[in-house]
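Here is the structure we will look at, set down as structure tokens.
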Amino acid sequence: MTEQSPDPKIHVAPPERAPSPVPVDDEVLPFEVGSLDLRGRLTRLGPALDDILTKHDYPAPVGKLLGEAIVLTTLLGSQLKFDGRFILQTQTDGPVSFLIVDFQSPDRIRAYARFDKSRLAEGQDSAALLGRGHLAMTIDQGADMKRYQGLVALEGGDLEDAAHEYFLRSEQIPTKVRIAVGEEWRGGEGPKHRWRAGGMLLQFLPKAAARAQRDLHPGDAPEGAAVNEVPEDDAWVEGQSLISTVEDIELIDPDLSGERLLYRLFHERGVRVFAPQSMRAKCSCSREAVSTMLSNFEANDRAEMVKDGKVVVTCEFCSSVYEFTPAEAGVE
């Protein structure tokens, strides 16, 4: 959560900001509770989330699940300190067989979900929609740089469960995640229906190495192998207890600012907030990019794409439609 200067011994804290009583949507707010060695991020999404979900008119349960994935992606991807991408992707045997959220630093989000409408049923929660499969989280640092990917098995849980499993096994940083997505219905003028979401990520990062929570999970150790049990630090026990009191309505409440929510939780211990990071719904597709993509297909494949005298390509992320003549598509 801190930015590192060229000298590895000097750490520069992000700039602090004055608390705001005014709710602000589509931003990620970093914070820290120094007395408990806790750092975290709070995300509140409104118009950006609504823009992504309404472009596809998803059934409500599918929209909620994709919204949860978007929240988790903003919490994790906004921590990138370089120009790159953070991609969250699931492939499962559930009714929502595939979803992807693509975050491009510093602030661009796009997302898409593939689902089988015939398998949707009343009362299905996010875990049931996902089913079993895997969650992949990829950090792409750009051309000529190595990609990093973490995989988590999805075994009937939701995305909060998957995030906890990832940090437990891969990062070994004590982490707690809360995610909420809801639909807002209003009367009067303007839109009657809007999507809203919020999420919080809290981590225990003690300055004293002796307090670090190590050996949190035996990982791939043989069955029956002794596990090195490390008692949880009292500060982390308190942090988990506090974040567990956050209600879904508090995370998505359009009249409650992020600063006020953090104050509710941590005022007795003291909480500092830092400069927020804005988020926006923005697809990276373009006519030029689609044209380049078409040029990578074999000539026979491009010829088969011609329908009614033109080639039509629809972006799965933003539903933009691009039309090309056969000649423009490279069809002779």
**Asked** Looking at this structure, is Glu184 modelled with pLDDT of 95 or more and surrounded by fewer than 17 Cβ atoms within 10 Å (Cβ to Cβ)?
**Response** no
**Request:** Mind listing whichever residues of segment 99-134 are in contact with a helix residue (DSSP H, G or I) (Cβ under 9 Å, 6 or more places away or on another chain), closer than 21 Å to Asp57 by Cβ and assigned to a strand (DSSP E or B)?
**Result:** Leu99, Ile100, Val101, Asp102, Ile109, Arg110, Ala111, Tyr112, Ala113, Phe115
**Message:** Checking the conditions here, which among Leu168, Leu201 is aliphatic (A, V, I, L, M), modelled with pLDDT of 75 or more, within 20 Å of Val71 (Cα to Cα) and part of a strand (DSSP E or B)?
**Reply:** Leu201
**Request:** Considering only residues that are in a helix (DSSP H, G or I) and out of contact with any helix residue (DSSP H, G or I) (no Cβ under 9 Å at 6 or more places or on another chain), look in segment 49-71 and name the one that is farthest from Glu160 (Cα to Cα).
**Result:** Asp51
**Asked** When you scan segment 315-330, how many residues do you find that are without any contact (Cβ under 8 Å) to a residue 40 or more places away in the chain, surrounded by fewer than 18 Cβ atoms within 10 Å (Cβ to Cβ) and assigned to a loop (DSSP other than H, G, I, E, B)?
**Response** 6
**Message:** Let me spell it out: the conditions are (1) free of Cβ contacts under 8 Å to residues at least 40 places away in the same chain; (2) in contact with a Gly (Cβ under 7 Å, 6 or more places away or on another chain), and Phe98 meets all of them except one. Which number is the exception?
**Reply:** (2)
**Complete:** Log entry, pairs with first residue in segment 74-88 being without any contact (Cβ under 8 Å) to a residue 24 or more places away in the chain and within 8 Å of Gln104 (Cα to Cα), second being in a strand (DSSP E or B) and of a type in the set (A, V, I, L, M, F, W, C), beta carbons closer than 6 Å, six or more apart or on different chains, reads none
**Prompt:** When you scan segment 253-305 for helices (runs of 4 or more DSSP H) that lie fully inside it, which ones turn up with 1 or more residues that are in contact with a Phe, Trp or Tyr (Cβ under 6 Å, 6 or more places away or on another chain)?
**Reply:** 258-266, 287-295
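The values are calculated or read from the model by the stated rules, or taken from the named source; none is laboratory data. Model, not experiment: these values are computed from the prediction. Backbone-built Cβ (ideal geometry, glycine too); neighbour counts: all protein chains shown.
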